[in-house]
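Here is the structure we will look at, set down as structure tokens.
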Amino acid sequence: GAVVSQHPSWVICKSGTSVKIECRSLDFQATTMFWYRQFPKQSLMLMATSNEGSKATYEQGVEKDKFLINHASLTLSTLTVTSAHPEDSSFYICSAPRWDRGQMNTEAFFGQGTRLTVV
Amino acid sequence: AQSVTQLDSQVPVFEEAPVELRCNYSSSVSVYLFWYVQYPNQGLQLLLKYLSGSTLVKGINGFEAEFNKSQTSFHLRKPSVHISDTAEYFCAVSRQGDYKLSFGAGTTVTVRA
């Protein structure tokens, strides 16, 4: 089946530093990827849609200058949390829909997630 | 916009007993419906999905769900649970043709021997 790999699986960083999270589609090309955020004991909230070759689309209330998204190739999207603060500590998950025979598959495959802790 | 309500935040259940997780949704357009499972510190795994056709959908690990359009529900069931079914379960919805998912708050299933 389709696989989406996310790296790192966990990271601890100091307040004020930046952290980059990678999301790769391993056996298919993904022109679109999605980034979600999950707070402890809560559901996933969509942060942004990453589009290959163009700017990301952010959901309302998400700071685009703080959460930088780059989708430079058909298999890689990155989320950079800039100037991280403790309130940015969360579980970040990416997903990628797969195109099958010219039609987008109706399933989005998820990465393993990245647990970010800012101290 | 779509929204999802999972009616039970926690469901304790004994091993080999049946379980039902309730999910209701609201949307002004046609939707796809999904159930995902999340094990601790892991990503999401798709259990099953409803796109169209038969309202009874069978998924992996013995789970099934029934789409009820009149009640806007998509409840998940398993006739006999195992200890390994202990996890967080999320109901999700997307507009047809769109792949942004709106998730419910999740239901924690704890299976005890």
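A few remarks follow.
- The requirement of being within 14 Å of another protein chain (Cβ to nearest Cβ), surrounded by 13 or more Cβ atoms within 10 Å (Cβ to Cβ) and of a type in the set (Val, Ile, Thr) is fulfilled somewhere in segment A:28-47, by at least one residue.
- Residues of segment B:1-25 classified as within 11 Å of B:Phe74 (Cα to Cα) and not acidic (Asp, Glu), total: 8
- Test for A:Val62: is it at pLDDT 90 or above and within 14 Å of another protein chain (Cβ to nearest Cβ): yes
- For segment A:8-111, the strands (runs of 3 or more DSSP E) that sit wholly inside it and include 3 or more residues that are in contact with a strand residue (DSSP E or B) (Cβ under 8 Å, 6 or more places away or on another chain), closer than 20 Å to B:Ser102 by Cα and in contact (Cβ under 8 Å) with a residue 12 or more places away in the chain are A:32-38, A:44-51, A:90-100, A:103-110.
- Taken over segment B:71-113, the criterion of being part of a loop (DSSP other than H, G, I, E, B), more than 10 Å from the chain's Cα centre (by Cα) and closer than 25 Å to A:Ala96 by Cα is satisfied by B:Gln96, B:Gly97, B:Asp98, B:Tyr99, B:Lys100, B:Leu101, B:Ala105.
- Extreme residue, farthest from B:Ala87 (Cα to Cα), among residues of segment B:36-66 that are assigned to a strand (DSSP E or B) and more than 14 Å from chain A (Cβ to nearest Cβ): B:Leu56
- Summed over segment A:1-57, residues that are on the phi > 0 side of the Ramachandran plot and either among the charged types (D, E, K, R) or touching a Cys at 6+ places or on another chain (Cβ under 8 Å) (or both) total 1.
The values are calculated or read from the model by the stated rules, or taken from the named source; none is laboratory data. Everything numeric in this text was worked out from a predicted model, so none of it was measured. Note that each Cβ is placed from the backbone with ideal geometry, even for glycine, and that neighbours are counted across all protein chains shown.
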